[in-house]
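Before any comments, here is the structure.
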Amino acid sequence: MTAQIVLILFILLMLTAAVSDLRFYRLPNWLVAAVASLFIIAAVVTGMPVNLVLWHGLAGTLILLVGFGLFSANIVGGGDAKLLAAVALWIGWTKLATFIVYTALAGGALAIVMVIWEFFRMHVELTAGNPNSSLIKRITSLKPDLPYGVAIAAGACATLPETWWAASWSLINN
């Protein structure tokens, strides 16, 4: 029962991350810390083998290093890089590629939705007769703002059933 509560908390944290990033374009540090801390609690509660904890830690560390590089190159935000690393702790080494693919697919879908939304907003502004400098800036922007926490959360929730956690959950229930 405790393992299920921890996994439900993880899903709720992912939902919180998605909503926070969608509404405010911000992933608070407390949220990322909660995801990472909950991993440690979950590992203890479910009796995750130490070698597996280390592999999950390696996945988180690798993604954190890659995320710092992407952040330094101004490709992703700092919150996105940290959330990716915290989620990688949960996903682990064996399903890391799956998580990245699911997150990229969700990010692509998000980008399409955001472009459609921006075109809709621009259309409303133009038809209302309120063209302004922000409209010109948005049209000419090469890098649209994407709340990528939404894609990370979707990738995490899509990958979770394929991870060690799902297997341990079914073992606990039987």
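The values are calculated or read from the model by the stated rules, or taken from the named source; none is laboratory data. What you are looking at is a predicted structure, and each value in this text was computed from that prediction instead of being measured. FYI the Cβ positions are ideal-geometry reconstructions off the backbone, even for glycines, and counts take in every protein chain you see. Only protein heavy atoms, including side chains, enter the accessible area calculation; ligands, DNA and RNA are left aside. Shrake-Rupley method; radii C 1.70, N 1.55, O 1.52, S 1.80 Å.
For the reader, a short list of remarks on this structure follows.
- Between TRP55 and ALA128, the contour length at 0.36 nm per residue exceeds the Cα-Cα span by 20.7 nm.
- For the range 22-97, chymotrypsin sites (Phe, Trp or Tyr not before Pro) meeting the loop criterion (DSSP other than H, G, I, E, B) and having at most 15 other Cβ atoms within 10 Å: TYR25.
- Rolling a 1.4 angstrom probe over the range 1-101 with all protein chains present gives an accessible area of which 75% lies on carbon and sulfur atoms.
- Per-residue accessible area (protein heavy atoms, 1.4 Å probe) orders HIS56, HIS123 as HIS123, HIS56, starting from the largest.
- For the range 1-92: rounded, prolate or oblate by the Cα gyration tensor [a/c cutoff 1.5]: oblate
- Rounded FRET efficiency, nearest 0.05, which uses the C-beta distance separating GLU162 from LEU105 and R0 of 22 Å: 0.90
- Overall, the anisotropy analysis places the range 27-76 in the oblate class: the square-rooted eigenvalues a ≥ b ≥ c of its C-alpha gyration tensor yield a/c not less than 1.5, with a/b not exceeding b/c.
- Accessible solvent surface per residue of the chain, calculated while the other protein chains remain in place, 1.4 angstrom probe, Å²: 57 Å²
- Per-peptide average of other Cβ atoms within 10 Å, ordering 114-120, 96-102 highest first: 96-102, 114-120
- A simple spin-label model places pseudo-atoms 7 Å from Cα toward Cβ; at MET114 and SER37 they are separated by 2.9 nm.
- The chain: relative contact order as a whole-number percent, Cα under 8 Å and 6+ apart: 31 percent
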